[in-house]
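Scroll down for the structure; my scribbles are underneath it.
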Amino acid sequence: MSAEAVCPVCPHHCRLPEGAYGRCRARKNIEGKVVSANYGKVSSIALDPIEKKPLAFFYPGSMILSVGSFGCNLSCPFCQNYEIAAAKEADFQKLYRISPEELCALARRERSRGNIGVAYTYNEALVGYEYVRDSAKLVHQAGMKNVLVTNGMAELPVLEELLPYMDAMNIDLKGFRPEIYRYLGGDFETVKAFIARAAEACHVELTSLIVPGMNDDPEDMEREAAWIASVNPEIPLHITRYFPRYKMRKGATDISLLKDLKRVAERHLAKVLLGNV
């Protein structure tokens with residue numbers, strides 16, 4: 001009988017018996033080793049404007065081939081992509097099998113439509129970071145760009161494996177209090193460390209989805225923007241409007257509140273943008 005194994009990828013460090021999945025639903029103990037169960041299994045693929053990632057200051061006006069699988073290591077009740085992020089493999093009628101070599105070839109073919117590379121997005125890409133790493137290496141060798149869209153809930157050794165091939169990231173900063181991250185099933189300090197390290201190595205933009213009653217306090221935004229500025233005051237911050245989705249039915253964020261928070265953030269940051277307005 002194979003031993004249980006501990007997943008090293010994120011701070012949950014799920015302790016899994018043989019055959020069990022982690023809380024992300026995308027990593028599994030197989031013969032005593034926790035591996036990616038979603039490697040090369042694609043739920044969504046599309047050619048998107050780079051601004052949808054969102055990236056406002058990285059090759060604006062370009063397109064990027066966006067790819068996603070399934071699974072996430074947070075439990076946000078307002079998830080915008082819950083159909084895949086909160087899903088397990090058995091929930092899908094069909095998943096596309098796309099190897100890193102095939103993904104790179106597809107990205108190269110899409111150059112004629114303005115494609116600059118590949119974005120790993122839609123679900124939480126880092127729960128299957130091995131596929132991101134292997135694909136990004138090939139895309140990088142082909143002279144194209146790699147973009148990671150992530151919640152930043154991964155341990156630094158995982159990030160270090162990816163940084164040689166990453167050109168840009170958009171990282172979610174869900175709020176600026178530990179209790180917000182505990183509510184969402186995450187770890188605040190892990191995300192802060194991830195952001196700080198990523199910002200040393202590639203282009204980084206941050207996104208804060210403002211959920212009424214959760215992270216809409218101007219004092220929180222003051223602390224958040226000041227901390228981001230301590231990392232780099234040129235990091236763009238996207239302050240984004242929440243809409244009812246998944247398990248959360250409360251009304252959409254008031255646009256006047258978003259504008260107030262934008263003014264607060266601009267005391268510290270050079271580039272603050274509103275999204276979903």
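Any read-out appearing in this document is the output of simple, stated calculations on the displayed coordinates, not a laboratory observation. Because the structure is predicted, anything quoted here is derived from the model rather than measured. Positions of Cβ are backbone-derived with ideal geometry, glycine not excepted, and every protein chain shown enters the neighbour counts.
Details
- Estimated inter-spin distance, GLU234 and ASP217, nm [label 7 Å along Cα→Cβ]: 3.3
- √(5λ) per eigenvalue of the Cα gyration tensor, region 191-277, largest first, Å: 23, 14, 11
- Looking at the chain, the DSSP beta bridges with both ends there are about 40 percent antiparallel.
- Labels on offer are (i) 20.2, 68; (ii) 18.2, 59; (iii) 19.9, 61, and the one holding Rg and Dmax of the Cα atoms in Å computed from this structure is (ii).
- Rg in Å to one decimal, and Dmax rounded to a whole Å, for region 72-170 via C-alpha atoms: 14.0, 39
- Gain on full extension, evaluated as 0.36 nm per residue between ASP91 and SER75 minus their Cα-Cα distance, stands at 4.0 nm.
- Virtual spin-label span in nm between LYS250 and TYR183, 7 Å along Cα→Cβ: 0.6
- One Cα centroid belongs to region 195-260, the other to region 126-190; the line between them spans 17 Å.
- Highest-first packing order for the peptide set 118-129, 212-223, 140-151 is 118-129, 140-151, 212-223, based on the mean count of other beta carbon atoms within 10 Å.
- Label point at ALA196 placed 7 Å out along Cα→Cβ; residues across region 8-23 whose backbone nitrogen lies under 20 Å: 10-12
- Computed [θ] at 222 nm, deg cm²/dmol, the chain (DSSP H ≥ 4; -39,500 (n - 2.57); rounded to nearest 500): -8500 deg cm²/dmol
- Peptide ranges 86-94, 40-48 listed from the most packed, as the mean C-beta count within 10 angstrom indicates: 40-48, 86-94
- Model label points for ASP48 and ILE30, set 7 angstrom from Cα along the Cα-to-Cβ axis, are 2.7 nm apart.
- Coarse-grained scattering of region 1-94 at q = 0.20, 0.21 Å⁻¹, given as base-10 log I(q)/I(0) from a Debye sum over alpha-carbon atoms: -1.00, -1.04
- Order of ILE180, ILE171 - criterion: other Cβ atoms within 10 Å of each residue's Cβ, fewest first: ILE180, ILE171
- Of the cross-linked pairs LYS94/LYS137; LYS247/LYS271; LYS28/LYS250; LYS88/LYS174; LYS137/LYS271, those separated by over 25 Å at the C-alpha level are LYS94/LYS137; LYS247/LYS271; LYS28/LYS250; LYS137/LYS271.
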